[in-house]
Amino acid sequence: MKADSLKISKVFSGGGDIHYVLPHFQRQYSWEENNWKTLLSDAFAIYDEYQPENEPEHFLGSLVVINDEPINGVISVFKLVDGQQRLTTISLLLCALRDLVEGTEPKMAKRIQRMLVNSDEGGDAYFKVLPTSKYGDRDAYRRVILGEPLTATESNIPNAYAYLRKELSRKISSGEILPEQLYIVLSNCFQVVFIDLNRDESPYKIFESLNAKGKSLSQADLVRNYIAMKLPTSQQEKVFTEQWEKIENLLQENRIVGKSRLGELTAFLRHYLAMCARVLCSKEHIYARFRDRCEIDFSTPIAFIDELKTLRRFAEYYDKLLRPENEKNHEIKEALTRLNILEIQTAYPFLLAAYDAYELRQINLDDFLELFKALENYIVRRYICAEKTNYLNTIFPTLWRDITAKTDNELSFKEAVKKVLVTKNYPANRNIQQSIYTTKLYDERNQKKLCFVLETINRYLSINRGGFTVLDSHPTIEHILPQKPSKDWQTELGDNLERIYQDYLHTLGNLTLVTQEWNTTLSNNSFLIKKEALANHALQINNKYFSQELPIWDEISIRRRADFLADNFLEIWPEIGETTPLSSSFSYVSPKSVTICGDQVEIRDKTWRQLMKLTTEWVIVNRSERFEEARKTLDSYFSDSRDGKKNPKDWYQLSNSVWVFQGNSAKGHISFCRRFLIAVGIPVSEWSVEEDKDTALLTNL
């Protein structure tokens, strides 16, 4: 290895012939505005310090190269192992300066041109630096250097050139910068550490070593480098061109997958590995898991190349998962589009395996579509119940294995899918019915899933009507009890307004679909005004319900609409199998006893009101230090006095002198207990109620 400090003029061979080859493993041009801005700031700072008799030095970093066979015995050729981002940007900066002075200082423009091209050569050798073809970098760079019109491209090179030219033009036209002096600064003051490796050293291992020492490369970059390292030299170009580059063109790192914030290629590799290993690795270990898998299972070149072919096949499936419009079958396309609205990226390891089985004719189209239907059912029901999504990361990598194991036991594929899904924390009907009352589904940052549920119910309500109505612009969520209630609402609901607001504002019973125009018009108007408008609305989900007699929008009204939506929800997404031997509905007969953290307390008068009181008193005795904090969470349920309350009999004084609201329904009391215990820090699993008829436990409500 030989290391020297070289000026940029020397890097470009001072106008002589030199050619830097970027190996296949190099990534695309990825510098962005903050990088360009830093480079220019350094150039302008050195410009201000410049003195001909004492030229300042500014090191840009290192260029790591391997001396390769010369072209025609004349042009020095170097494989550029590290430093392509810096070298490409410097050449674009020189090109921008060339173009700005071409009309006024043609001799300087020619000197710059000699730094950028080998004028006596043709083809690729004409360019002293030539990026890889990824994302159109090579074509865009050629056009910039040649001064040709730019075409539409995903490459960031035109953006870099445009930014550098604009900033230079501004400085030059204002007289802040003299082009000749800036040219000297770029040529002589900018320097690099030029590291020339022995020809027999492996550039890929050097590349990996550099990354280990802190160079910022993505997991996909490292996988690309590893592939180059594993392939025999004679097969690198063919395999990269026919396999890996096609994968990179399909799945591009500058596009993000879901909430993971991972680029498409990195996310694909992670999900592919999860499908193979049946466990989702961390984002930081994707390259390591890929390398370990290949070292063990695909150690020979032939086996490794076959694995890359398989990888390409699955990349094509992944592209369809991300972009259903690329799927030719209309029914599959529609099913994937619906699933994408539900943000089911965690299911991709499972769907990759299913897609492969379908393409290989191991399952038929009917089975494939039934799988999508069952998966949508599973995801929507968990969404309505606000089940934690991190659980899905553990089940989906193994789900295909679990289903195929069931089919080996003489179950049909469709039966196996349902049989397995109901064992994966699948919400039963009773959970759905209760959650629709209590789950706060509205999220102002992301309304797609909620709109999906309401739109699907609206479409279902239009069955047998010869068609269904859709909104004429983007759907928005309307709160019937508004987020900022007016005085009319205070008059209508009185003392109950605050409690209803806290308990039901963002629940499904209080939400519906309208356009933004309607949303603004309805605003915080009184219920009667909103009711009349919604009764005449085009959507069935609105006119069918609000055309009936509804004098007030209180707790009972919201819960009744929740029942209406729940009934339709369960017809659209019915239970796909038995999850528990208990009845799927509750009788709400008299409660016999309540058990909290192992303490069983008898409910002597066997009322749900007494259940609420006993649960609250248990907290006062056993978790007194958490009472005030929990009280703040459910503030509308508590008061220091019942004086001035519209219905004083609805309030009960606890042993600590605090008053609690007791005018609730049975379901309301159960909901309060659940939420109050959670606020205290007690999981609902530690609270259960035995009914007098001994028929049901409400632990899972």
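The values are calculated or read from the model by the stated rules, or taken from the named source; none is laboratory data. Note that the structure is a prediction, hence the values are computed from the model and not measured. Using ideal geometry, Cβ is built from the backbone for each residue, glycine included, and neighbour counts are taken over all protein chains shown.
For the subset of segment 103-147 comprising residues that are among the acidic types (Asp, Glu) and modelled with pLDDT of 90 or more, which member is surrounded by the most Cβ atoms within 10 Å (Cβ to Cβ)?
Asp137
Mind checking which residues of segment 326-355 are hydroxyl-bearing (Ser, Thr, Tyr) and either under 18 Å from the mean Cα position of the chain (by Cα) or not assigned by TED's automatic domain parsing to the domain that holds Tyr378 (or both)?
If the condition is that a residue be hydroxyl-bearing (Ser, Thr, Tyr) and either under 18 Å from the mean Cα position of the chain (by Cα) or not assigned by TED's automatic domain parsing to the domain that holds Tyr378 (or both), then Thr337, Thr346, Tyr348 are the ones that fit.
Please find, within segment 302-311, the residue that is farthest from the chain's Cα centre (by Cα) out of those that are exposed (fewer than 14 other Cβ atoms within 10 Å of the Cβ) and farther than 14 Å from Tyr272 by Cβ. So that I can check it myself, show each step before the final result.
First, pick out the residues of segment 302-311 that are exposed (fewer than 14 other Cβ atoms within 10 Å of the Cβ): 302-303, 306, 309.
Checking the rest, the ones that are also farther than 14 Å from Tyr272 by Cβ come to 302-303, 306.
Details: Ile302: 36, Ala303: 34, Asp306: 31 Å.
Out of the qualifying residues, it is Ile302.
Condition first: small (Gly, Ala, Ser), at pLDDT 90 or above, closer than 22 Å to Asn458 by Cβ and out of contact with any strand residue (DSSP E or B) (no Cβ under 7 Å at 6 or more places or on another chain). Can you find one or more residues in segment 509-517 that meet it? Lay out the reasoning, then the answer.
Within segment 509-517, the first condition is being small (Gly, Ala, Ser), and the residues that meet it are 509.
Checking which are at pLDDT 90 or above leaves us with 509.
Narrowing the set further to residues that are closer than 22 Å to Asn458 by Cβ leaves 509.
With the extra rule that they be out of contact with any strand residue (DSSP E or B) (no Cβ under 7 Å at 6 or more places or on another chain), the set shrinks to 509.
So far as segment 509-517 goes, yes, one or more of its residues are small (Gly, Ala, Ser), at pLDDT 90 or above, closer than 22 Å to Asn458 by Cβ and out of contact with any strand residue (DSSP E or B) (no Cβ under 7 Å at 6 or more places or on another chain).
Can Lys424 be described as surrounded by fewer than 16 Cβ atoms within 10 Å (Cβ to Cβ) and part of a loop (DSSP other than H, G, I, E, B)? Step through it out loud before you land on a result.
Details: surrounded by fewer than 16 Cβ atoms within 10 Å (Cβ to Cβ): no; part of a loop (DSSP other than H, G, I, E, B): yes.
Answer is no for this residue.
Can you confirm whether segment 320-329 contains a residue that is over 30 Å from Ser30 (Cα atoms) and touching a residue at least 24 places away in the same chain (Cβ under 8 Å)?
yes
Which members of segment 323-354 meet the condition of being under 22 Å from Leu269 (Cβ atoms) and of a type outside the set (A, V, I, L, M)?
Here is the first cut: in segment 323-354, the ones under 22 Å from Leu269 (Cβ atoms) are 323-324, 326-327, 336, 339-340, 343-354.
Within segment 323-354, Arg323, Pro324, Asn326, Glu327, Asn340, Glu343, Gln345, Thr346, Tyr348, Pro349, Phe350 meet the criteria.
Go through segment 50-82 and give me each residue that's at pLDDT 80 or above, of a type in the set (Asp, Glu) and under 47 Å from the mean Cα position of the chain (by Cα).
Within segment 50-82, Glu57, Asp82 qualify.
Tally up the residues in segment 87-119 that are in a loop (DSSP other than H, G, I, E, B) and in contact with a strand residue (DSSP E or B) (Cβ under 9 Å, 6 or more places away or on another chain), please. Show your work before the answer.
Going residue by residue through segment 87-119, those that are in a loop (DSSP other than H, G, I, E, B) are 102-105, 118-119.
Going one step further and asking which of them are in contact with a strand residue (DSSP E or B) (Cβ under 9 Å, 6 or more places away or on another chain), we end up with 118.
Qualifying residue count, segment 87-119: 1.
Taking helices (runs of 4 or more DSSP H) that fall entirely within segment 478-569, which contain at least 3 residues that are surrounded by 18 or more Cβ atoms within 10 Å (Cβ to Cβ)?
Answer list for segment 478-569: 487-493, 496-504, 527-535, 540-546.
Output the residue which, of all residues in segment 46-86 that are among the small types (Gly, Ala, Ser) and in a strand (DSSP E or B), is surrounded by the most Cβ atoms within 10 Å (Cβ to Cβ).
Only one residue tops the list, namely Ser62.
Is segment 342-349 home to any residue that is crowded, with 20+ Cβ neighbours inside 10 Å and of a type in the set (Gly, Ala, Ser)?
yes
Among the residues that make up segment 267-290, is at least one of them without any contact (Cβ under 8 Å) to a residue 60 or more places away in the chain, among the aliphatic types (A, V, I, L, M) and in contact with a helix residue (DSSP H, G or I) (Cβ under 6 Å, 6 or more places away or on another chain)?
For segment 267-290, residues without any contact (Cβ under 8 Å) to a residue 60 or more places away in the chain, among the aliphatic types (A, V, I, L, M) and in contact with a helix residue (DSSP H, G or I) (Cβ under 6 Å, 6 or more places away or on another chain): present.
Does any residue of segment 22-45 turn out to be of a type in the set (Val, Ile, Thr), surrounded by 13 or more Cβ atoms within 10 Å (Cβ to Cβ) and modelled with pLDDT of 85 or more? Give the steps one after another, and end with the answer.
Of all residues in segment 22-45, those of a type in the set (Val, Ile, Thr) come to 38.
Pick out the ones that are also surrounded by 13 or more Cβ atoms within 10 Å (Cβ to Cβ) and you get none.
Among the residues of segment 22-45, not one is of a type in the set (Val, Ile, Thr), surrounded by 13 or more Cβ atoms within 10 Å (Cβ to Cβ) and modelled with pLDDT of 85 or more, which makes the answer no.
Got a number for residues in segment 405-460 being aliphatic (A, V, I, L, M) and over 29 Å from the mean Cα position of the chain (by Cα)?
3
Kindly list the number of the only condition in (1) in contact (Cβ under 8 Å) with a residue 40 or more places away in the chain; (2) within 23 Å of Val144 (Cα to Cα); (3) surrounded by fewer than 21 Cβ atoms within 10 Å (Cβ to Cβ) that fails for Leu92.
Exception for Leu92: condition (3).
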